[in-house]
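The numbers here are math on the coordinates, done by the rules we state, and not lab data. Note that the structure is predicted; figures quoted are calculated from it, not measured. Virtual Cβ from ideal backbone geometry, glycine too; neighbours counted across all protein chains shown.
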Amino acid sequence: MATLNGDDAKTIKRLEEAACEHGVVMDLLGAIEDWQASGRPDEYDMHFFELAALAAALAREERSRRGLDKDSD
């Protein structure tokens, strides 16, 4: 693993907090962890990643609509 910097530590902490608050984030982090350990996602994890990709597109649009991101117009 590469050396972590301050921004990495902040990202890890945000992910940890989100996983404690929302079970689906913990599920996603677990699927990623499994993928990293095995070198490829299993069928369940791959389906979960596909759902997460769809949710990401919808969430990105909603975050833009709400003006939540710095680059929102």
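The residue pairs whose first member lies in the stretch 36-47 and is without any contact (Cβ under 8 Å) to a residue 12 or more places away in the chain, whose second member is loosely packed, with under 12 Cβ neighbours inside 10 Å and among the charged types (D, E, K, R), and whose beta carbons are closer than 9 Å, counting only pairs six or more residues apart or on different chains, are M46/R40. Within the stretch 6-32, residues that are in contact (Cβ under 8 Å) with a residue 60 or more places away in the chain have Cβ atoms under 8 Å from residues that are of a type in the set (A, V, I, L, M) and part of a loop (DSSP other than H, G, I, E, B) in no pair, counting only partners at least 6 apart in sequence or on another chain. Of the residues making up the stretch 2-30, those that are over 25 Å from Y44 (Cα atoms) and among the small types (G, A, S) are A2, G6, A9.
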